[in-house]
């Protein structure tokens, strides 16, 4: 167990090799291409997807397969981000923070409201995706999506109530 905590990169490498090995044994075709899961295309997914999004789309890491735990078949392929990809994303996130921090809370709330609305519109498809990828039943997949929607709704409400107060934290020298 100590190896997992001290060497997470070794664990990640092992898991990736196992996933690739397992997928090559079961390799028939991708579930996304079978025609049985049209909601995957409705969500904008394809046979190969970028696993990194930031200032620029795209990834330059290795390709892995997302495996359905219910039947062991590959759902689709995902191109992982390389170290350089993640460095670009962290840089872009830091730059975006400066812009975002100047946006008034009610406007941030409006953006979250729009995100919640978009999630509601695709709740059925997203619930099916969670069920397929994680091996949950459909109602649990829907519940996962609903939790995200609820967080958006809650945050919208907070955006109208916060007046710039700093809330105390249990940690020393830390302000949230």
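The values are calculated or read from the model by the stated rules, or taken from the named source; none is laboratory data. Quick caveat, the model's predicted, so the values are computed rather than measured. Methodologically, a virtual Cβ is constructed for each residue, glycine included, from the backbone with ideal geometry; neighbour enumeration extends over all protein chains shown.
Side notes on the structure shown:
- Looking only at the range 119-147, and only at residues there that are within 15 Å of the chain's Cα centre (by Cα) and exposed (fewer than 14 other Cβ atoms within 10 Å of the Cβ), the one that is farthest from residue 43 (Cα to Cα): 147
- Contact map, the range 152-169: first residue at positive phi, second residue part of a loop (DSSP other than H, G, I, E, B) and at pLDDT 90 or above, Cβ cut-off under 8 Å, separation 6 or more or different chains; the map is empty.
- Criterion (modelled with pLDDT of 90 or more and not assigned by TED's automatic domain parsing to the domain that holds residue 150) met by exactly one of 130, 78, 90: 78
- Wholly enclosed helices (runs of 4 or more DSSP H) of the range 64-176 bearing at least 2 residues touching a helix residue (DSSP H, G or I) at 6+ places or on another chain (Cβ under 9 Å): 105-121, 123-134, 138-161
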